Amino acid sequence: MTLSSLDAVIERLHRCETVSEEIVKEICHKAREVLADESNVQPLYAPITVCGDIHGQFYDLKEIFVRGGSPPETNYLFLGDFVDRGFYSVETFLLLLALKIRYPDRVHLIRGNHESRQITQVYGFYDECLRKYGSANVWRYFTEVFDYLSLSALIENSVFCVHGGLSPSISTLDQIRTIDRKQEVPHDGAMCDLLWSDPEDIDGWGLSPRGAGYIFGGDVVKKFNAENKITLIARAHQLVMEGYKSMFDDTCVTVWSAPNYCYRCGNVASILKFDEKLEKTYQIVDAAPQETRGIPAKKPALEYFL
């Protein structure tokens with residue numbers, strides 16, 4: 001795919017148009033090539049804007065680009081959960097992959113717990129692929145890309161970014177770097193924990209009510225941050241009605257970027273902006289106006305708000 005043809009595809013995707021199965025296959029193949037070179041702890045540099053879960057809410061992603069600036073002018077890190085639940089997971093993930101190919105140093109994508117074969121067969125993405133393309137082929141192309149997404153990122157050696165949280169089997173970033181990530185998300189272990197765990201007001205570790213990963217307290221965060229010489233953990237994974245939530249004396253923050261989640265929760269979203277000096281500001285993002293949205297051709301997915 002030439003640069004001009006890729007730009008033409010990106011233009012079509014910005015309009016939420018469906019592209020051919022052959023184009024999906026080509027984008028997914030090229031995306032795997034780009035992502036394969038990235039580390040499990042991908043080093044990134046400020047200024048940068050961090051986004052949490054998107055969940056197929058295409059028009060709200062467009063609203064983020066309106067408020068935060070479009071790539072490549074703005075340097076973006078997305079913390080995973082691009083798909084499921086929303087009406088436009090195909091278009092959302094495809095646009096982000098195309099932008100990643102076009103601007104590999106300005107668009108950064110890491111894996112969420114929904115970037116999984118098992119989860120997407122339950123919460124909407126598989127059915128959406130089937131409905132829009134008539135077969136499971138495009139879903140398979142996308143799920144192959146899932147396995148190449150990085151597990152985390154490190155901004156200026158100071159801000160550790162991950163979808164879910166920490167793991168009792170990981171004390172250093174070097175341990176994350178040694179994980180073989182090119183696989184389906186396991187049911188347990190370090191890779192699973194990074195995508196599924198949550199911070200909680202407890203001491204130490206606890207069992208997660210999600211059935212995967214753990215809950216961890218401020219003492220765990222303090223020890224991990226000290227050992228790895230970092231100042232902040234930025235993560236997503238949990239719906240926050242106010243768009244973001246700071247915990248443990250601002251050493252761990254949750255960023256949520258799907259406004260009016262599932263088109264009914266009534267929450268606002270946020271994006272987290274770091275300037276050149278790593279000073280951070282949160283920008284609130286409301287749901288895209290109703291008149292800018294297309295009409296979805298699907299029934300709502302199964303309800304579950306974890």
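Okay, here's what the table says:
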| read-out | value |
| --- | --- |
| Separation of the Glu291 and Ala36 label points, Cα + 7 Å toward Cβ, nm | 4.8 nm |
| Rg/Rg_ref, the range 79-162, where Rg_ref = 2.2 N^0.38 Å and atoms are Cα | 1.13 |
| Label-point separation, Ser135 to Arg177 (7 Å along Cα→Cβ), nm | 4.2 nm |
| Candidate residues Ser171, Ser150, Ser135: accessible-area rank, largest first, probe 1.4 Å | Ser171, Ser135, Ser150 |
| Value at 222 nm in deg cm²/dmol, rounded to 500, when DSSP H runs of n ≥ 4 in the chain each add -39,500 (n - 2.57) | -9500 deg cm²/dmol |
| Whole-Å distance, taken between Cα centres, linking the range 213-238 and the range 75-138 | 26 Å |
| Equivalent ellipsoid, the range 175-306 (semi-axes from 5 times Cα gyration tensor eigenvalues, Å) | 28, 21, 15 |
| With every protein chain in place, the range 168-306: carbon and sulfur % of accessible area (1.4 Å) | 52 percent |
| Percentage, to the nearest whole number, of Cα pairs in the range 20-158 over 18 Å apart | 51 percent |
| Charged-residue dipole, Cβ positions (Lys, Arg, Asp, Glu), the chain about Cα centre, Debye nearest 20 | 520 debye |
| Solvent-accessible surface (1.4 angstrom probe) belonging to Asp250, in square angstrom, nearest 10 | 60 Å² |
| Where Rh is the Kirkwood radius over Cα pairs, Rg/Rh for the range 142-216 | 0.97 |
| Accessible surface, the range 155-306, averaged per residue in Å² (probe 1.4 Å) | 49 Å² |
| Order of exposure, largest accessible area first, which applies to Trp196, Trp256 with probe 1.4 Å | Trp196, Trp256 |
| Ranking by accessible area, most exposed first, for His114, His187 with a 1.4 Å probe | His187, His114 |
| Summed side-chain charge close to Asp84 - residues other than Asp84 whose Cβ falls under 11 Å, Lys, Arg +1, Asp, Glu -1 | -4 |
| As computed over the chain, the Cα convex hull volume per residue (Å³) | 116 Å³ |
| Percent carbon-and-sulfur accessible area, the range 1-93, ignoring ligands, DNA and RNA, probe 1.4 Å | 53 percent |
| Arg210 - accessible surface, heavy atoms, 1.4 Å probe, Å² rounded to 10 | 40 Å² |
| Distance (nanometres) between label positions extended 7 Å along Cα→Cβ at Asp250 and Lys229 | 2.3 nm |
| Which of His55, His237, Asn267, positive extreme of dipole for the chain (C-beta unit charges) | His55 |
| Sites Lys222 and Asn157 - FRET efficiency at Förster radius 22 Å, r taken between beta-carbons, to 0.05 | 0.75 |
| Spatially proximal lysines relative to Lys182 (Cα-Cα < 20 Å; intrachain offsets below 8 disregarded) | Lys25, Lys30, Lys100 |
| Residues Lys25 and Asp188, FRET efficiency given R0 of 41 Å [Cβ-Cβ distance, rounded to 0.05] | 0.80 |
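The values are calculated or read from the model by the stated rules, or taken from the named source; none is laboratory data. What you see is a predicted model, and the numbers here were worked out from it, not measured in a lab. We place every Cβ from the backbone using ideal geometry, glycine too, and count neighbours over all the protein chains shown. Just so you know, the surface numbers come from the protein's heavy atoms only, side chains and all, with ligands and any DNA or RNA stripped out. Shrake-Rupley method; radii C 1.70, N 1.55, O 1.52, S 1.80 Å.
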